[in-house]
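A quick write-up on the structure given underneath.
The values are calculated or read from the model by the stated rules, or taken from the named source; none is laboratory data. Bear in mind that the values here come from a model prediction, so they are computed numbers and not experimental data. All Cβ positions, glycine included, derive from the backbone under ideal geometry; neighbour counts span all protein chains shown.
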Amino acid sequence: MRAILLILLIQYVLCGTCSSGDVVGAEDIHDLPDDPHWSSIAHDDVDCTCEERSQQQQELQELCFNNNPDNTNSTTMTSCGARIFYLIVVHNDRTMNDALYLFRGIRDSRNTILIHIDVKFGMKPYESSVLKQEIDACPCGSQVEIASVHNSSWSSWSMNAPTLWGLDKAVKEYEGKWDVFINLSGDTLPVYTPDRVASLFAGPLAKTNFVTSHSCETGLVPAPIHFFPKKWHKRGHYSQDPANLTYVDDDGVSHSNYAPETYFGSQWMVLQFDWCQLLVRQLDRPDSLASQYKEYLIATKKLMTDETFIPTILMHYMPKTIPEIDEEGYLDVDEVDMYAIRYERMDENMPNSQGVYTTVQRYNVPENSGVDAPHAWGPYFLGVYDLENIRESGALFIRKVSSVIDPNLFRLLPVDQPEDIPLIGWPKEVKIDPAVDWAHRLADFKKKYIHDHPEVLQKEK
């Protein structure tokens, strides 16, 4: 009788009063979102149909830049589409797995996709990855290249290596095939479909270089070093050993004792072809300003150079190509409401240099997820509760995301228009309980039951 009672109690603890229809299996919880490009789940029998996400089929847009020079100076939305050269950086299993969804969101016959896999991680994991299977089976007309060349170490100059390598490759090997260069981490997700991104960079965002992100304290424009208070770590670090450069400009004129003002931006950028070509040409010449500044940063062991090198050189040569913003920090363009090109959450562990801090909740990383928790300063993982802020920001990309943290984002993005993004925000002062560990609860129940009913053990003996 007691054995029957024990079974009933265990069933009650595990199930409560739920019906069988309410029970969700583990395989359902971890299912990844379907993608309309696939008509078969089995990767060994793929029927690839490269259809648009939206039900209404859209014709491929006319190319604006190289094929139609008359449209290159357009400042309004046009029916043209810019061609994007994407550099995707992968450095571990998580960014490899989540790059699958990034690839699904950017593959398009207009686009070129170069994927760099960090040498520390190596090519072997890629060879057996779902990402490789999808690239091989369904590139949707995009040209895709995979390589593992550089070994990047956090905070060192080597963090620049994949980006500069990708720029060099884009300019020299793919010239005439793209108009805009965008580098992204594998754990990034596009907010909008390729058609909208192509339209924006052929229209209101044409000829604009973005070298910052949402988390930059000056928003869409790079922050000059004097923007920070004197004792702020970024200003203090770059004020030591100031540059005193000698270089030769593109006209052959020599310059001495030059100290460029340092500008802070982001590692992740959106760059126009003209600027990329100029920078690559500069780096090919050891006596150029870019090369001399690079050597200075390496020799003085400056940190955060992936946030300063390109923004500083850009502000020297092409300062008028950065975004124009209004008093509220939004892009000063009527056709687009945007204060971030890429939405991310960073540096929320303390007030920033201007004393601003956030009180919005964030997603925690479950202990058994196999995902490393972010650094204290971020970037932090995003989920569906961030969608309202993502929509308001006007961002074209978001980072960082993970199918392990919140796979719902991959079911909702990318979209065709801002109004397609659900207005889901963080509930105020509401916390989400952790998932119930039923195995642990059952073990505790058994211990308590046996403690209260020792005769059960005696009968079993």
For region 378-398, name all the residues that are over 20 Å from F201 (Cα atoms), part of a helix (DSSP H, G or I) and not hydroxyl-bearing (S, T, Y). V384, D386, L387, E388, N389
Selection from region 234-258 of residues that are more than 20 Å from L279 (Cβ to Cβ) and assigned to a loop (DSSP other than H, G, I, E, B): Q240, D241, P242, N244
Any residue at all in region 380-388 that's modelled with pLDDT of 90 or more, surrounded by fewer than 16 Cβ atoms within 10 Å (Cβ to Cβ), touching a Gly at 6+ places or on another chain (Cβ under 7 Å) and not hydrophobic (A, V, I, L, M, F, W, C)? yes
Residues located in region 288-311, provided they are out of contact with any Ser or Thr (no Cβ under 8 Å at 6 or more places or on another chain), of a type outside the set (G, A, S) and part of a loop (DSSP other than H, G, I, E, B): T300, K301
Within region 198-207, can one find any residue that is among the charged types (D, E, K, R), surrounded by fewer than 24 Cβ atoms within 10 Å (Cβ to Cβ) and within 17 Å of P319 (Cα to Cα)? yes
Residue set E324, E307, E261; condition loosely packed, with under 14 Cβ neighbours inside 10 Å and under 17 Å from F210 (Cα atoms); output residue E324
Hand me the list of helices (runs of 4 or more DSSP H) wholly inside region 399-461 holding 1 or more residues that are modelled with pLDDT of 80 or more, in contact with a Phe, Trp or Tyr (Cβ under 9 Å, 6 or more places away or on another chain) and surrounded by 10 or more Cβ atoms within 10 Å (Cβ to Cβ). 408-412
Could you identify the single residue in V171, V211 that is modelled with pLDDT of 90 or more, in contact with a Lys or Arg (Cβ under 9 Å, 6 or more places away or on another chain), within 23 Å of I298 (Cβ to Cβ) and not charged (D, E, K, R)? V171
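Can you say whether S213 is buried (at least 21 other Cβ atoms within 10 Å of the Cβ), of a type in the set (G, A, S) and part of a helix (DSSP H, G or I), as far as the supplied structure shows?
When the stated conditions are applied, S213 does not pass them.
To keep it simple, each residue is scored yes or no on (1) basic (K, R); (2) at pLDDT 95 or above.
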{"residue": "D274", "(1), (2)": "no, yes"}
{"residue": "Q282", "(1), (2)": "no, yes"}
{"residue": "S291", "(1), (2)": "no, yes"}
{"residue": "E295", "(1), (2)": "no, yes"}
{"residue": "K301", "(1), (2)": "yes, no"}
{"residue": "E307", "(1), (2)": "no, no"}
{"residue": "I313", "(1), (2)": "no, yes"}
Test for S256: is it more than 27 Å from P414 (Cα to Cα), of a type in the set (G, A, S) and in contact (Cβ under 8 Å) with a residue 24 or more places away in the chain: no
Condition broken by W232, with the remaining ones in (1) in contact (Cβ under 8 Å) with a residue 60 or more places away in the chain; (2) surrounded by 20 or more Cβ atoms within 10 Å (Cβ to Cβ); (3) aromatic (F, W, Y) satisfied: (2)
Under 7 Å by Cβ, and 6 or more places apart or on different chains, what pairs join a residue from region 203-217 that is of a type in the set (K, R) with one that is at pLDDT 90 or above? K207/Q272; K207/T321
Tell me which of these E127 doesn't satisfy, since it passes every other one: (1) modelled with pLDDT under 90; (2) over 28 Å from F309 (Cβ atoms). (1)
Counting only residues in region 327-350 that are surrounded by 19 or more Cβ atoms within 10 Å (Cβ to Cβ) and in contact with a helix residue (DSSP H, G or I) (Cβ under 8 Å, 6 or more places away or on another chain), the one modelled with the lowest pLDDT is identified as R345
Would you call M96 over 20 Å from V191 (Cβ atoms) and in contact with a Pro (Cβ under 7 Å, 6 or more places away or on another chain)? yes
Which residues, taken from region 152-179, are exposed (fewer than 14 other Cβ atoms within 10 Å of the Cβ) and not in a helix (DSSP H, G or I)? S153, W154, S155, E175, G176
Taking R110 as meeting all but one of (1) touching a helix residue (DSSP H, G or I) at 6+ places or on another chain (Cβ under 9 Å); (2) basic (K, R); (3) part of a helix (DSSP H, G or I), write down the number of the exception. (3)
